[in-house]
Structure formats: C-alpha cells, structure tokens
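Report on one structure; see the data block that follows.
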Amino acid sequence: MKKTSILAASALTALMLCGCGTNGSLSQFGTQHTGQTTTTNTTGSAIGNILTSVLGLDKLTQANLVGTWSYSQPGCAFTSEQLLAQAGGEFAASEIKSKLQPTFQKAGISSSNTQVTFNQDGTFNAKIAGKSWSGKYTYEESTRKITMTGLLLNINCYAKRNSNGISLLFEASKLLTLMQTMSALSGGSNSTLGTVSDIAKNYDGLRIGFDMK
C-alpha cells in the first residue's frame, strides 16, 4: 500500500512538472480551438512580459487565430524590444493600458458587446461596442498582419499572443477610424477618443487595441 502511494505521488509530480493537465494542452486559449495546440513558456516572467509587449516575437499561426474572442482589457505592444525599452519597459506598457481603460469604457466597449470570430473559410464576424461588422480577412503569419474587409470599413491590425489569448493591435489612426465609425453608428460622441491619439504621440512604434480571450 505504501509503495502504491509513493508511485502515485511520483506520477502526479511528473505530470505537474511537464505542465500536463486534465483539461488539455490549450484549454484556456480561445473559445473554439480544437485540435490546434500551441505551448506557452510560463517560466521567467521577464521573458514572458517581453513576448507579450513586442510584436513579432511570438509565433501565431492562422490556425491559432481561428475561433471566437471576447474583449477583456485594453492591449498594447511595441514594434521592437528597443522601442519597448526606450518607452520604459513593462511599466510603460501597463501605464498605457491603464490610461486607455476609461476611454474604452466611455466608448462603450466591454466584454459583453465586443467580440470577433475568425472563421476557417477566411470570413469574420465581429461586434465592436455592440455594433455588428462582418466581412473577409487575410492573415500574414510572417508579419502577424490581419487585413479585415467589410461593408463598414477596411482596416488592418496585428495579432499577437497574450497571457490569456490574443491581442488585436492597431496603429493609432486605424484604431481611431474603427472606434469613430462604431461611435457614429450608435450616435455617440467622439470627444473621448482623443486620448488614443494623445497616448500614441508620446511613444514611437506603439500599437494599441484589445486584449481578447
């Protein structure tokens, strides 16, 4: 009996060390990902933070992109590690997200009304602040660039992995175009969106948008 307990404990320890669990290798990555798995390095918070704050350091395939994603919080990333360091590193990235939070709230963006679904057939369906938008998309894995073409507008953004899912990040002018279009449809005011351009002016190579899970 004692020997059996020791063996069971050893097996459990091995499972914990290899990162295996009962819910599958990617159970918390997106909401519709089946059969397509990737692994995330969770050791070393400094390395992890850089990966989530610099565009292009992660490997995000189109298969990883497919699924339904819901807004969780503002997102941001820099186009290079050098620009991230010049801006003040992870502290700056966190500060930028904090400044964007009230602006997004005033624009009516929340987890319940802002989602996007990327389908395998190259089509997408989205809601931004409750306003529907759909069309076709293409994804360039080498640059992480998504081109979204719909009836309302055509726009580019960049995808990258974050700790809970993915981020959809825009040049400031593109994000403003998206938010102003949705605001106009709802009869809202664009006065609160000035914060977006003000923040972008202070940082070189900054991309801002939405953290999705």
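Looking only at residues in region 155-172 that are in a strand (DSSP E or B) and hydrophobic (A, V, I, L, M, F, W, C), which one is surrounded by the fewest Cβ atoms within 10 Å (Cβ to Cβ)? Reasoning before the result, please.
Just the residues of region 155-172 that are in a strand (DSSP E or B), to begin with: 155-161, 166-170.
Then keep just the ones that are hydrophobic (A, V, I, L, M, F, W, C); that gives 155, 157, 159, 166, 168-170.
Working: 155: 19, 157: 22, 159: 25, 166: 25, 168: 24, 169: 26, 170: 23.
For region 155-172, the residue satisfying everything is 155.
Screening residue 59 with (1) at pLDDT 90 or above; (2) within 21 Å of residue 122 (Cβ to Cβ) gives one miss only, at (1).
For region 173-192, the count of residues that are free of Cβ contacts under 8 Å to residues at least 24 places away in the same chain and part of a strand (DSSP E or B) is zero.
Looking only at region 110-154, residues that are outside any loop (DSSP other than H, G, I, E, B), at pLDDT below 95 and among the hydroxyl-bearing types (Ser, Thr, Tyr) come to 1 in all.
The values are calculated or read from the model by the stated rules, or taken from the named source; none is laboratory data. From a predicted model like this one, the values you see are computed outputs, not experimental measurements. Virtual Cβ from ideal backbone geometry, glycine too; neighbours counted across all protein chains shown.
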